[in-house]
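Student: Sharing a structure below in structure tokens format, with a few things to ask.
Each value in this text was obtained by applying a stated rule to the coordinates, not by laboratory testing. This structure is a prediction, so every number in the text was calculated from the model and none was measured. Please note: Cβ atoms are built from the backbone with ideal geometry, for glycine as well, and neighbour counts cover all protein chains shown.
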Amino acid sequence: MSPSSLHLAVALEGTGWHPASWREQVARPRDLFTAGYWADLVAEAERGLLDFVTFEDGLGPQSSHYGELDGRTDQVRGRLDAVLTASRIAPLTRHIGLVPTVIATHTEPFHISKAIATLDYVSAGRAGLRVQISARPHEADHFGRRTFPRLNLEELRTPSGQERLTDLFDEAADYVEVVRRLWDSWEDDAEIRDAATGRFVDRDKLHHIDFESRHFSVRGPSITPRPPQGRPPVTALAHQTVPYRLVARQGDIGYVTPHDADQVRAIVAEIRAEQEAAGRADELLHVFGDLVVLLDDDQAAAEDRRARLDALAGEPYTSDARIFAGTSAQLADLIQEFSEAGLSGFRLRPAVAGHDLLAITRGLVPELQRRGAFRTAYEADTLRGLLGLPRPANRYAAATA
Amino acid sequence: MTSKPLKQIHLAAHFPGVNNTTVWSDPKAGSHIEFSSFVHFAQTAERAKFDFLFLAEGLRLREQGGNIYDLDVVGRPDTFTVLAALAAVTERLGLTGTINSTFNEPYEVARQFAGLDHLSGGRSAWNVVTSWDAFTGENFRRGGFLPQEERYSRAKEFLATANELFDSWHGDEIVADRTTGVFLRDAKAGSFVHTGQHFDIHGQFNVPRSPQGRPVIFQAGDSEDGREFAASSADAVFSQYASLKEGQAFYTDVKNRLARYGRSHRDLLILPAATFVLGDTDAEAEELAREVRRQQVSGATAIKHLEFVWNRDLSAYDPEGPLPGIDPDAGGDHISKGRAQVRMYRDPLATAREWRELAAANNWSIRDLVIHTGNRQTFVGSPETVARTINDFVQADVSDGFILVPHITPGGLDPFADKVVPLLQEQGVFRTEYEGTTLRDHLGLAHPDDVRGERAAS
């Protein structure tokens, strides 16, 4: 495995992904709403040479239930806007990618397109986005523009649940399409500053996008010039066929949640088939495995810690992703096994940010480096560069050439 | 009887935006997009101990005659995102952004401002603007626009709703007691219900109370509705009257409206936008100002400016020649889109008549006329003259201070910071150090919790 072929990201979520993580001595629950807290986490991830961090977000309070609030007071509730948090950190870092979560269902693609383009400017080419849908009725109530009936995980598996989900993901696909077209709506050399003719821009290099779909229409062009990366990478978490299709149609990275190597092979095969169906077979599309991680010097310590956290939470922690409790060497083994089965990277979810993020950067990363499986220095200045994604040509420039 | 104590001056800096004030052709002109330009500008403003940095917003590129307007600076970054990044490279400077109340939703905007306030340690401010045009609406899901008469009713309800969200957390909800396992004091933290003409929303806001409680609120409209909105709901007005008589009239009018909302004169600051041109001497500054004006108004720009009023294609006219003999087209769609100035000329026939008379009396070409009628240079002179004039204006209640718009990006503020600010400090009318940490501290505004406390006590 060549050093840059394995990619590592960390998903930042509150004090960590375990609901009792905030009760650990290393946790800083009272700092969650300060810039310093997030700056420290991202600086640590950058010390570990990770490709990028993602920032979770939501348009309502967190909940332990999928589709509704739980009224609990024993877990972290409340969070800051992910795009703003990423932007606040950008000037304090130099290499690591910054990938905030964006909710496609209730927000405006025009606003998000310019926000992510601006994040790309303030980070000099390190922005990405993670697109997410929201089918939660209580979040729809915060906007009052549309209503959704309650949707739980069982209903999701029924034909009508699948139909609703397909509709939301189709909207998200359109959303990403609009965002990308707006990024392309300025050709890279549109600003000409031609003093002789008095023209600041060449208006032939600015383009209306004229996108129309069932959910929205957007005329364009953007107000923000094309960002440094051309198109910041688009990422999405996916658990089944409908979201795999979004990843295959519109993604640069899909995060998936296999629990063993056979599942890796099956999921990757399904995504590749969808990718081919979408006419993108020749484009680089990363499939990353999501893993919740508890890392300690020996496996028993990690398992004890998990048991202690579960006891504090009052119930065993479950997740869509596999929960890994063990040593850095064991995790490196699993990562290599899953890589060989078809994953090109991993998004690790630290169970306790203050403990497991450091275990990743100071334990796992050196272990992978010793095996020659991970970079020993940042080899590119942009997130696309780190991910091996070429800077895309502008679709409108191609049309006029 | 002692003399009236000197008013302290408030100063802010407006990053030059999309208009012909910005001289992009100057060799010293840098990028208006690259983050390094914003860093330079913000750090200059903070070095000069300014109250805040101000960013305008546009949501659609301007067009004229069906074409994208290409003579001025075009393009700008996203307001929230660039302000959040600037919070990382400044420590005290207030961060004020224009956010439209028509093409946004209260829950999202309240989250963003509360977040910006947390991430900046209490330095966020929101310039609430309204818009109703279908032209801008073509970029949005809403697709829509508002009847013009409803724009302030939506803006007022938008702001009231955002305030309900800001106030939905009181500041003591997060307990985070490791031992007992209580993170939140109250499961219902952030609960809100708003039912109104424009918004019918309920649920729980998910951002705890921020350092300033609420962002500082700016308002910029000048209509009767706009003035009333400012008097009822704003902390500061971004006005356009930086001259002695007009400024005093606006100041008196708006401040006198405060009483009916139970507010006092110090609850609302009047801060006009102002440009400046500095020279070593007054004469040198005057000469420089003339050069800047000619750079700001090229022949092509002058013709386009005339087209706002004439509402016709005037590209065949010579900018160095006389004004068109034909009258403005007072009907139909305006050929200029996405420009606030269009609304300034409500009676184009009268404006055309007046301009022809002016041009004839002074022997002005089209370009001369636009240079003179569009003159936005507020303070021209030596640093001593400019400092004295600014202080005189503030002491004479033209305003409580000024929002300065340099004509060069990003270095245009530097000479003001280096030469004028020290003179104001010597006169004891401008701070030499920040006294507080939040924008409310700089502006001398009460914290919303204090206001609520006072009202509860009274």
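Student: Given R₀ = 56 Å, FRET efficiency for B:Tyr261-A:Glu379 by Cβ-Cβ distance, to 0.05?
Tutor: Given R0 = 56 Å and the Cβ-Cβ separation, E is 0.40.
Student: With both partners inside the protein assembly as shown, how many of the DSSP beta bridges are antiparallel, as a percent to the nearest 5?
Tutor: Antiparallel bridges make up about 20 percent of those DSSP assigns within the protein assembly as shown.
Student: Further question on the same structure: Just going by the charge dipole of chain B, with Lys and Arg at +1 and Asp and Glu at -1 on Cβ, which of B:Ser131, B:Ala259, B:Leu184 is farthest out on the positive end?
Tutor: B:Leu184
Student: Continuing with this model, one more query. Hey, with R₀ at 35 Å, roughly what FRET efficiency would A:Leu284 and B:His202 work out to, going by the Cβ-Cβ distance, to 0.05?
Tutor: 0.20
Student: Report for chain B the percent antiparallel among DSSP-assigned beta bridges with both residues inside it, nearest 5.
Tutor: 25 percent
Student: Hydropathy first: keep DSSP H helices in chain B averaging at least 0.5 on Kyte-Doolittle, then drop any whose Cα extent along the axis falls short of 27 Å, and list what survives.
Tutor: Helices meeting the span and hydropathy rule in chain B: none at all.
Student: For the range B:303-381, which GluC sites (Glu not before Pro) are both in a DSSP coil and crowded by at most 14 other Cβ atoms within 10 Å?
Tutor: Here the sparse-neighbourhood loop sites are B:Glu320.
Student: For chain A, what class follows from the C-alpha gyration tensor (a ≥ b ≥ c being the square roots of its eigenvalues): rounded when a/c is under 1.5, otherwise prolate if a/b is larger than b/c, else oblate?
Tutor: Cα axes put chain A in the prolate bin.
Student: List the trypsin sites (Lys or Arg not before Pro) in the range A:86-194 that DSSP assigns to loop (not H, G, I, E or B) and whose Cβ has at most 13 other Cβ atoms within 10 Å. Which are they?
Tutor: Within the range A:86-194, the qualifying trypsin sites (Lys or Arg not before Pro) (loop, at most 13 other Cβ atoms within 10 Å) are A:Arg94, A:Arg145, A:Arg146, A:Arg150, A:Arg157.
Student: In vacuo Debye scattering of the protein assembly as shown, one point per C-alpha: log10 I(q)/I(0) at q = 0.05, 0.07 Å⁻¹?
Tutor: Taken in order of the listed q values, log10 I(q)/I(0) reads -0.29, -0.56.
Student: Provide the gained length on full extension for the span B:Val175 to B:Glu357, in nm with one decimal, where the gain is 0.36 nm per separating residue minus the Cα-Cα distance.
Tutor: 58.4 nm
Student: Just how many pairs of Lys in the protein assembly as shown have C-alpha atoms closer than 29 Å, counting pairs that are eight or more places apart or on different chains?
Tutor: Lysine pairs meeting both conditions in the protein assembly as shown amount to 28.
Student: Sticking with this one: Counting other Cβ atoms within 10 Å of each Cβ, which GluC sites (Glu not before Pro) in the range B:159-243 have at most 13 and sit in a DSSP loop?
Tutor: Listed in order of number, the matching sites amount to none.
Student: Which net charge results for the neighbourhood of B:Arg388, defined as the other residues with beta-carbon distances under 15 angstrom from its beta-carbon, given Lys and Arg at +1 and Asp and Glu at -1?
Tutor: Cβ neighbours under 15 Å give a net charge of -2.
Student: While we're here: More than 27 Å apart: what percent of Cα pairs in the range A:14-163 qualify?
Tutor: So the pairs more than 27 Å apart make up 31 percent of the total in the range A:14-163.
Student: Modelled label-to-label distance, B:Leu349 and B:Asp392, 7 Å Cα→beta-carbon offset: nm?
Tutor: 4.2 nm
Student: Calculate the FRET efficiency for A:Thr318 and B:Ser31 from the Cβ-Cβ distance with a Förster distance of 60 Å, rounded to the nearest 0.05.
Tutor: Efficiency at R0 = 60 Å is approximately 0.75.
Student: Right, another one. So the label point goes 7 Å from the Cα of B:Glu426 along Cα→C-beta, right? Which residues of the range B:279-301 then have their backbone N under 11 Å from it?
Tutor: Inside the label zone: nothing.
Student: Give, rounded to the nearest 20 debye, the magnitude of the charge dipole that chain A has about its Cα centre when Lys and Arg contribute +1 at Cβ and Asp and Glu contribute -1 at Cβ.
Tutor: 840 debye
Student: For a test of the definition: using alpha carbon positions, the gyration tensor, and the 1.5 limit on a/c, classify the range B:148-235 as rounded, prolate or oblate.
Tutor: Note, shape of the range B:148-235 comes out oblate.
Student: For helix A:299-313, what angle does its Cα long axis make with the longest principal axis of chain A, in degrees from 0 to 90 and rounded to 10?
Tutor: Between helix and principal axis, roughly 80 degrees.
Student: Can you compute the charge dipole magnitude of chain B about its Cα centre, using +1 on each Lys and Arg Cβ and -1 on each Asp and Glu Cβ, nothing else charged? Give it in debye, rounded to the nearest 20.
Tutor: Dipole about the Cα centre, nearest 20: 620 debye.
Student: Once both labels are modelled 7 Å past Cα along the beta-carbon direction, what's the A:Arg371-A:Asp31 spacing in nm?
Tutor: Label-label distance for A:Arg371 and A:Asp31, simple model: 3.1 nm.
Student: Put a dot 7 Å past each Cα toward the Cβ at A:Glu303 and A:Glu163; how far apart are the dots in nm?
Tutor: 4.8 nm
Student: Under a Cβ-only charge scheme (Lys and Arg +1, Asp and Glu -1), can you give me the dipole magnitude of the range A:129-175 about the Cα centre, in debye to the nearest 20?
Tutor: So the magnitude is around 160 debye.
Student: I want the antiparallel fraction of DSSP beta bridges within chain A, as a percent rounded to 5.
Tutor: Within chain A, antiparallel bridges account for around 10 percent of the total.
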